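The structure's right below; bear with me while I get my questions together.
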Amino acid sequence: MLAKDKQTWRFVVPTPPREVFATMEQLIGTLPYRFEVIDKDTAQAIEVSRRGVFGNWVTPRAGVRWVRCTAIPTAQGTEVTVTASSPGGMLLKATGRLDNGPVARALQLVRLLTSGRDDYRTIYRRRLIPPGAVTLVASWAGTPYRLYAEPRYDAEPGPEIHTATELEAVPGGDATFVKVRLRDGREGYVERDQIVAATEVATREAQTEVARFV
């Protein structure tokens, strides 16, 4: 039986839902919790192990604690709702095993996601992509990435590109999207986190220069 919900936070972030859930899994989906996908918009970190009366680890049966997150893309950004369960019921309080684990984990996620692009400590810091050659970094196993016709998530899809597609960053993007030009002159928008600056030569100096924009 799950514990009742206790506290909820709602906010908008500039990052896509997949990064919200990836961060959630790595940050708070760790033992004694487990990361679980509920549906395309929702995931949770749920308690799977708990200290027993004698200090041993047991599987919780009642008052199971959890942190749930929904991330829905909108024109303004990704609307995120984070909800934490209560720390437990009267039984846990009576046995001295009541803790604020769910709220503490939820706050870790909220604080990271709301740190802002300009906070150097967050993985969501502002990433500068200079004009010039760029390369796609998220085309797994040859899966194509479709450019956006406009700098928004609900825009009409544009041409497909792959990791090997020659791209050039050009003026016209915003904080979330970079405007790029294909070799044949077609243009479109790609999410800023999906590309990195590219170099024409593979030298240590070139790698150092590119690293300034990652």
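The values are calculated or read from the model by the stated rules, or taken from the named source; none is laboratory data. The model shown is predicted, which means the values in this text are computed figures rather than measured ones. With ideal geometry, Cβ positions are generated from the backbone for all residues, glycine too; neighbour counts draw on all protein chains shown.
Based on this model, can you work out whether Arg152 counts as on the phi < 0 side of the Ramachandran plot and part of a strand (DSSP E or B)?
Spelling it out, it is not the case that Arg152 is on the phi < 0 side of the Ramachandran plot and part of a strand (DSSP E or B).
Hey, another quick one. Would you tally the residues in the range 112-147 being at pLDDT below 65, under 18 Å from Ala164 (Cα atoms) and surrounded by fewer than 16 Cβ atoms within 10 Å (Cβ to Cβ)?
Of the residues in that region, 3 qualify.
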